[in-house]
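Step one of this worksheet: look at the structure below.
The values are calculated or read from the model by the stated rules, or taken from the named source; none is laboratory data. For clarity, every value in this text was computed on a predicted model and none was experimentally measured. No Cβ is skipped: glycine too gets one built from the backbone with ideal geometry, and neighbour counts run over all protein chains shown.
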Amino acid sequence: MISIRRYLRRVLLTSVTLITSIAALWSYHDTRDQINELFDAELAQTARTMVALYFEYRDDDGRATRQMIRDLRLKPVWVPDSLTDSPTPLGHPYEKKLGFQLWDENGHALLGMQPAGLLDILVPVPGYSHTEAQGHDWRVFTLYDDAHGVWASAAQRDDVRDELTWQIALRNLIPPVIGVLLIALLIPFVIARGFSSLLRLSRQITARQPGYLEPLDASQAPEEIRGMVDALNGLFGRLAETLEKERRFTANAAHELRTPLAAVKVHAQNLLSETSSESSRRGARSIINGVDRMTRVVEQLLTLSRLESGQALTRQSVDLVRLGHELGRDMQPLVEQRGLWLSQDIPDGLRLQSYENGLYVLLRNLLDNAVRYTPAGGEVRLRMRREANRLHIEIADSGPGIPAVDRQRVFERFVRLAGQKTSGSGLGLSIVKELIERLGGEIRLEDTSLPASSGLSVHIHLPCS
């Protein structure tokens, strides 16, 4: 399942990280270019200053070049290597990475200070160039002074520029990295805050009972889904109206059918008692049986209509032993007619805080099914047990049972399995399922627990609280 929140977190974090990386890379190259320009300008300035100072010093004293070199005492000094860029009393480690040299027009060295192997030979090409000395690359600027007829070169090791570029880039990179980390922490919070109203609306829909079709509270809904909420509310309204019409139709039809059915049954009974013809008596009995079946369908439709409208469900303390006796008394005529044995196993004092009418209808439908589908001489058993915080009810029979593949389908309305000889409407288990949902329980069908070759056990678990 696609999650918009996870998608936004992933895309935003990836985008911020990618953009920050590109900006850091661009900053690194820009910093390197700026540092190269600065150091190139410094090399050129060093070469020009060196020429000016050399001839300024020589002209003022009128001394020869050899005497001037001895006076300046320009010779390499020992400077220790250092792992840091900090200066020492003896100088700076970077001094080993710099050098300069003056030549006359014939390429004879006049004045200079540089590491061995660097600027030993004049390359009479003005401008910037690269050379290699002591295993390092050097950036060199060479200048020819027309006024004095000398060449001047200033050199700098490339790693000076690389180290400075990296240090500047690293220091410039720390704030964006910290910013990305803060954004990574902030993005989930902002997304969760932005989706809070949507999640609240989703929980409101999820927590709804199937029959609760009141409009959603759209006051806190984001503007982007306001149209969807309005459409859902419109759908709920139309669905509630349709269901209400269906319930009214079912209830009205059932009520209207009860009176004519009762009248037909009375007439059939009168015919049965008054006629002496065997064929007429068989017809009257068929009419009575048909009316009884139709009356049963009407009663079940009325029960289903009341359940769907939320009527006749009042929570109270139910004496399950007494309820079992009532069920046994009501079922006894049908049990005797079918030639069955109905047994009950209910502990004394067992009670349940629930809906007595709902429990009665639930168990009556299941017992009625079990008795009708169990052949003569069979057994039907009602057993109740308290298990922790639940009540376990089992109704077992020795009838034909229900194949495992059909045990979920039989809860649908008007579904009757093929090959059944017992008359029925296919509404009994639908009513049972509706009642189980209203009582907050669960139901499952298994093979019978009776010592019989076939049969069905209906297991019901209801909360005791």
Only listed residue being at pLDDT 85 or above, closer than 14 Å to GLY324 by Cβ and β-branched (Val, Ile, Thr), chosen from ILE393, ILE443: ILE393
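For (1) part of a loop (DSSP other than H, G, I, E, B); (2) among the aromatic types (Phe, Trp, Tyr); (3) crowded, with 20+ Cβ neighbours inside 10 Å; (4) in the same structural domain as GLU163 (by TED's automatic domain parsing), each residue gets a yes or a no:
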| site | (1), (2), (3), (4) |
| --- | --- |
| GLN101 | no, no, yes, yes |
| ASN106 | yes, no, no, yes |
| LEU118 | yes, no, yes, yes |
| ILE121 | yes, no, no, yes |
| VAL125 | yes, no, no, yes |
| GLU132 | no, no, no, yes |
| TRP151 | no, yes, yes, yes |
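Can you spot a residue in the stretch 268-275 that is small (Gly, Ala, Ser), free of Cβ contacts under 8 Å to residues at least 60 places away in the same chain and surrounded by fewer than 14 Cβ atoms within 10 Å (Cβ to Cβ)?
To start, the set of residues in the stretch 268-275 that are small (Gly, Ala, Ser) comprises 268, 273.
Now restrict to residues that are free of Cβ contacts under 8 Å to residues at least 60 places away in the same chain: 268, 273.
Applying the additional criterion that residues be surrounded by fewer than 14 Cβ atoms within 10 Å (Cβ to Cβ) yields 273.
The answer is yes; a qualifying residue exists.
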Criterion (of a type in the set (Gly, Ala, Ser) and either in contact with a Ser or Thr (Cβ under 7 Å, 6 or more places away or on another chain) or outside any helix (DSSP H, G or I) (or both)) met by exactly one of ALA192, ALA169: ALA169
The one condition in (1) touching a strand residue (DSSP E or B) at 6+ places or on another chain (Cβ under 9 Å); (2) modelled with pLDDT under 85; (3) surrounded by 14 or more Cβ atoms within 10 Å (Cβ to Cβ) that GLY358 fails to fulfil: (1)
Lone unmet requirement of (1) among the hydrophobic types (A, V, I, L, M, F, W, C); (2) modelled with pLDDT of 80 or more; (3) closer than 30 Å to SER21 by Cβ for LEU170: (2)
Residue in the stretch 44-63 that is in the same structural domain as GLU163 (by TED's automatic domain parsing), modelled with pLDDT under 80 and not in a helix (DSSP H, G or I) present: yes
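Which ones in the stretch 189-221 are among the charged types (D, E, K, R), surrounded by 11 or more Cβ atoms within 10 Å (Cβ to Cβ) and closer than 19 Å to GLY234 by Cβ?
Residues satisfying the conditions are ARG208, ASP217.
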Any pair with Cβ under 8 angstrom, 6 or more apart, that starts in the stretch 141-158 at a residue that is within 12 Å of MET50 (Cα to Cα) and ends at one that is among the basic types (Lys, Arg) and surrounded by fewer than 21 Cβ atoms within 10 Å (Cβ to Cβ): LEU143/ARG48; ALA152/ARG48
Selected residue (criterion: modelled with the lowest pLDDT) from residues of the stretch 404-418 that are over 12 Å from ILE431 (Cα atoms) and either part of a loop (DSSP other than H, G, I, E, B) or not hydrophobic (A, V, I, L, M, F, W, C) (or both): ALA418
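From the list VAL160, VAL123, exactly one residue is over 25 Å from SER15 (Cβ atoms) and either aromatic (Phe, Trp, Tyr) or out of contact with any strand residue (DSSP E or B) (no Cβ under 7 Å at 6 or more places or on another chain) (or both). Which is it?
Working: VAL123 fails: either aromatic (Phe, Trp, Tyr) or out of contact with any strand residue (DSSP E or B) (no Cβ under 7 Å at 6 or more places or on another chain) (or both).
Answer to the selection: VAL160.
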Number of the condition not met by TYR212 [criteria: (1) part of a helix (DSSP H, G or I); (2) among the aromatic types (Phe, Trp, Tyr); (3) more than 24 Å from the chain's Cα centre (by Cα)]: (1)
Residue list for the stretch 75-99, restricted to those being surrounded by 13 or more Cβ atoms within 10 Å (Cβ to Cβ), part of a loop (DSSP other than H, G, I, E, B) and either modelled with pLDDT of 70 or more or touching a helix residue (DSSP H, G or I) at 6+ places or on another chain (Cβ under 7 Å) (or both): VAL79
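Restricting to the stretch 375-403, give me the number of residues that are of a type in the set (Asp, Glu) and either assigned to a loop (DSSP other than H, G, I, E, B) or touching a Pro at 6+ places or on another chain (Cβ under 8 Å) (or both). Outline the logic, then answer.
Pass one, the stretch 375-403, residues of a type in the set (Asp, Glu): 379, 387, 394, 397.
The next check asks that each one be either assigned to a loop (DSSP other than H, G, I, E, B) or touching a Pro at 6+ places or on another chain (Cβ under 8 Å) (or both); those that pass are none.
So the answer is 0.
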